[in-house]
Amino acid sequence: MTDLKEFERKMEKTLEVLGTQFSSVRAGRANARVLDCITVEYYGTDTPIGQIATISSPDARTLVIQPWDGSQLKPIEKAIQMSDLGINPQNDGRVLRLIFPQLTEERRVELTKQVKKYGEDSKVAIRNVRRDAVDFVKKQLKNSEITEDDQKKAEKDIQDLTDRYVKKVDEACAAKEKELMEL
């Protein structure tokens, strides 16, 4: 009989990636995770901002970035400006301040579309894992490692697993869309 744990781990990893992507979508309040995807060249290596600076949130709509190496202030500022964050940092010579404006209705709709795209990409990834699992089971049958009954049961288990993870993706998308649409 086949062991589906490996394929379930891959589906779980897809959910983790989706969560990371969702955390980078800002929902009107300051969250240091929006900076996770932004990197700065630091001694020849692209490095996430969180690894070269202290990031704090003094209030609900502000992030303060204080680089450990003052020479990194300008590169961090430039990286944020080049990102799709849509916020222009304020540089006072020591720290950068990111002030998150209230989201407009238009921006909320834009972000909702982005969330849906992330969700669809995750579902495609989960279906690709399903395809790999079914191919694996068919190969086992061909090599006479399992019976046809085992193959049918394994394919049903794979489909059940896929349905469960697609449902989790849908739930995560719905929760993030609800968060984005809150005023």
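The values are calculated or read from the model by the stated rules, or taken from the named source; none is laboratory data. Quick caveat, the model's predicted, so the values are computed rather than measured. Because the Cβ atoms are built from the backbone with ideal geometry, glycine has one as well, and the counts that use them run over all protein chains shown.
Once region 24-44 is narrowed to residues that are in contact (Cβ under 8 Å) with a residue 40 or more places away in the chain and in a helix (DSSP H, G or I), the residue that is farthest from Gly119 (Cα to Cα) is Leu35.
The single condition among (1) modelled with pLDDT under 85; (2) in a strand (DSSP E or B); (3) β-branched (Val, Ile, Thr) that Thr47 does not meet is (1). Restricting attention to region 52-82, the residues being among the hydrophobic types (A, V, I, L, M, F, W, C), under 26 Å from Leu180 (Cα atoms) and either part of a strand (DSSP E or B) or in contact with a Phe, Trp or Tyr (Cβ under 8 Å, 6 or more places away or on another chain) (or both) number 4.
Only one residue in Leu161, Leu96 is closer than 16 Å to Val34 by Cα and touching a residue at least 24 places away in the same chain (Cβ under 8 Å), so which one is that? Working first, answer last.
Working: Leu161 fails: closer than 16 Å to Val34 by Cα.
One residue alone meets the criteria, Leu96.
For Ile80, state whether it is without any contact (Cβ under 8 Å) to a residue 40 or more places away in the chain and assigned by TED's automatic domain parsing to the domain that holds Gln90. Spelling it out, it is not the case that Ile80 is without any contact (Cβ under 8 Å) to a residue 40 or more places away in the chain and assigned by TED's automatic domain parsing to the domain that holds Gln90. In the condition set (1) surrounded by fewer than 11 Cβ atoms within 10 Å (Cβ to Cβ); (2) touching a helix residue (DSSP H, G or I) at 6+ places or on another chain (Cβ under 9 Å), Asp92 is compliant with all but (2).
Against the condition under 22 Å from the mean Cα position of the chain (by Cα), outside any helix (DSSP H, G or I), modelled with pLDDT of 85 or more and over 19 Å from Glu12 (Cα atoms), how does Leu85 come out, does it pass?
On the way: under 22 Å from the mean Cα position of the chain (by Cα): yes; outside any helix (DSSP H, G or I): yes; modelled with pLDDT of 85 or more: no; over 19 Å from Glu12 (Cα atoms): yes.
It is false that Leu85 is under 22 Å from the mean Cα position of the chain (by Cα), outside any helix (DSSP H, G or I), modelled with pLDDT of 85 or more and over 19 Å from Glu12 (Cα atoms).
Scanning region 135-150 for residues that are assigned to a helix (DSSP H, G or I), in contact with a helix residue (DSSP H, G or I) (Cβ under 6 Å, 6 or more places away or on another chain) and under 13 Å from Leu4 (Cβ atoms) yields one hit, Val137.
Tallying residues that are part of a helix (DSSP H, G or I) and out of contact with any Ser or Thr (no Cβ under 9 Å at 6 or more places or on another chain) within region 169-183 yields 6.
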